[in-house]
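The values are calculated or read from the model by the stated rules, or taken from the named source; none is laboratory data. Computed from a predicted structure; not experimentally measured. For neighbour counting, all protein chains shown are included, and Cβ atoms are generated from backbone atoms with ideal geometry for every residue, glycine included.
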Amino acid sequence: MSDEDFLARQFEDHRTHLRAVALRMLGSGADADDALQETWLRLSRSDTSEVANLAGWLTTVVSRVCLDVLRARRSRSEVSLDDPDRLEPALPRPTAEPEHEAVLADSVGVAMLVVLDTLAPAERLAFVLHDMFGVPFDEIAPIVDRAPAATRQ
């Protein structure tokens, strides 16, 4: 098996996790897929022979790609309200059925995206990686170029 085939297999093994990080960071399926594509390109161009934790390396790369996208959005004042991947809030039904729970979860997801949109890109990255994926602040700090104590803030 060639090195590129090995890397492709490793990337595919981690694709679900990487897409989840990108989707939560960017709030758009299309943007998340673009971030994954950029992550693959960076992986395929990099010498990973010294990488001890490929999953961590890939998470760092996709996080930095998302951070760049968020910073670009902010500098261009982009708002992706017309994005078809963005969920519309649904009105919850007054029952305790599973479908009611799913509708409620969808509306909470949209509210979470609205809150995330108010955060600065580095804050958003720290929140998503720590609170949603359990990445320690000590590992997030180098990604956002801040001290661990500042990252916690």
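Listed values, structure above:
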quantity: Residue identified as modelled with pLDDT under 90 and touching a Phe, Trp or Tyr at 6+ places or on another chain (Cβ under 7 Å) among 43, 87; calculated: 43
quantity: Identity of the residue in the stretch 1-11, of a type outside the set (S, T, N, Q) and in a helix (DSSP H, G or I), that ends up nearest to residue 129 (Cα to Cα); calculated: 11
quantity: Count - residues of the stretch 37-65 that are surrounded by 15 or more Cβ atoms within 10 Å (Cβ to Cβ), of a type in the set (A, V, I, L, M) and over 20 Å from residue 113 (Cα atoms); calculated: 4
quantity: Qualifying residue in the stretch 12-25 (condition: outside the structural domain of residue 113 (by TED's automatic domain parsing), under 13 Å from the mean Cα position of the chain (by Cα), of a type outside the set (D, E, K, R) and not in a helix (DSSP H, G or I)); calculated: no
quantity: Residue pairs meeting the criteria (Cβ under 7 Å; at least 6 apart or on separate chains; first under 17 Å from residue 124 (Cβ atoms), in the stretch 27-38; second not in a helix (DSSP H, G or I)); calculated: 27/86; 28/80; 28/83; 28/85; 28/86
